[in-house]
1. If you take every residue apart from VAL221 with its C-beta less than 13 Å away from the C-beta of VAL221, what net charge results, scoring Lys and Arg +1 and Asp and Glu -1?
2. What 222 nm value per residue comes from the helices of the chain, counting each DSSP H run with n ≥ 4 as -39,500 (n - 2.57) and dividing by all residues, nearest 500 deg cm²/dmol?
3. Which value in nm describes the separation of the simple spin-label points at GLU148 and THR4, placed 7 Å from the Cα toward the beta carbon?
4. Hey, rough spin-label estimate for THR102 and VAL228, points 7 angstrom out along Cα→Cβ, what's it come to in nanometres?
5. Just round it to a whole percent: the fraction of Cα-Cα distances in the chain exceeding 25 Å.
6. Going toward the positive end of the dipole of the chain, with +1 on Lys and Arg Cβ and -1 on Asp and Glu Cβ, which of SER118, ILE257, GLY76 do you reach last?
7. In whole Å, what are the Cα extents of segment 201-317 along the three principal axes, biggest one first?
8. Hey, got a sec? Which trypsin sites (Lys or Arg not before Pro) in segment 48-104 land in a DSSP loop and have at most 16 other Cβ atoms within 10 Å?
Amino acid sequence: MPPTTPGLHHVTAIAGDPTDNAAFYVETLGLRMVKRTVNHDDTGTYHFYFGDGEGTPGTNITFFPWTDAGRQGEFGAGQTRDTAYLIDPEAVDYWAERLADTGVDVSRSERFGDEVLSFSDPDGIGLELIGADAPSDATPWPDSPVPEEHQLRGFHAVTLAVADVEPTAEILTDVLGYDHEGTEGNRHRYRSEAGGPGSIVDLVETDAGRGRMAVGTVHHVAFEVPDVEAEEQLLEVFEERGLNPSGVIDRKYFTSIYVREPGGVLFEFATPAPGFTADEPLAELGSRLTLPEWLEDERDAIEAQLPAFEPPEPTPADE
Ligand code: ZN
């Protein structure tokens with residue numbers, strides 16, 4: 001058996017305007033922009049990472065902002081519908097008010113006994129804040145516009161929408177070490193046996209046809225695995241199942257493999273090392289465009305073709 005995953009590593013989605021994207025995640029949600037780089041596979045597109053104070057695995061939501069007009073995606077089966085961050089149960093009222101004050105349409109509900117705030121980001125990506133007593137590895141960010149006690153504490157869960165729960169559930173339970181924990185309505189909850197932060201995957205069945213992956217949709221969800229050896233073991237299992245995984249890929253801040261699970265959701269498996277301080281000190285994370293060494297020679301050409309971007313300007317909560 002390959003080593004199981006403790007939980008989520010990051011979630012990557014497609015945004016529209018890069019300035020609006022960064023403003024929402026930093027100025028409204030209070031996350032730190034921990035990396036500003038380009039999509040290694042499409043260097044005319046930024047790749048932004050927003051996370052906790054240190055960019056800890058399990059706290060980072062990342063974006064490819066696509067600025068071409070008419071690239072709006074369509075939700076459907078085989079997609080991540082909602083990405084949920086953990087908050088302190090005492091912070092739910094603060095967030096309901098903060099989001100409403102910034103013009104975000106928020107709905108409040110209860111799920112498996114926890115309070116849930118549901119809303120969308122400016123591009124229509126489904127987000128949730130869940131007030132729960134759950135493990136967190138997050139480090140507060142002192143410059144956040146959100147007071148420390150209310151800051152997002154890393155991922156709590158993702159909700160994947162699939163045409164049929166069974167094939168995806170089988171990958172979770174038989175390959176990745178998740179257990180079926182419960183069902184509420186049409187929501188089937190799975191939790192990693194390791195039970196760390198971000199250890200929940202919820203599956204919901206949808207009648208929607210296959211979605212179209214573009215602006216406003218999630219590109220992939222990444223799970224954490226300890227090292228490249230674990231990735232190589234997983235590759236073998238996916239190959240045996242005929243799932244045609246990628247090879248091992250150097251993503252500069254982590255090493256990754258990719259596989260599309262049978263329900264259509266693109267899964268990535270990523271290592272915690274080397275992390276975001278591989279090319280800039282902790283104090284300066286996200287403050288400039290970083291490029292992996294294999295793209296550094298092309299920096300001038302890459303910078304020239306990137307879209308206009310105004311970095312976010314958060315006002316720290318304690319000022
Ligand atoms: Zn990724």
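1. Summing Lys and Arg as +1 and Asp and Glu as -1 gives -3.
2. After summing the helix terms and dividing by residue count, I get -3500 deg cm²/dmol.
3. Result for the modelled spin labels: 3.4 nm.
4. Reported label-point gap for THR102 and VAL228 is 3.9 nm.
5. Tail of the P(r) past 25 Å holds 47 percent of the pairs.
6. GLY76
7. So the three principal-axis extents are 43, 37, 36 Å.
8. Answer by residue number: ARG71.
Any read-out appearing in this document is the output of simple, stated calculations on the displayed coordinates, not a laboratory observation. Predicted model only: the values in this text are computed from it and were never measured. Cβ coordinates were reconstructed from backbone atoms using ideal geometry, including for glycine residues, and neighbour counts include every protein chain displayed.
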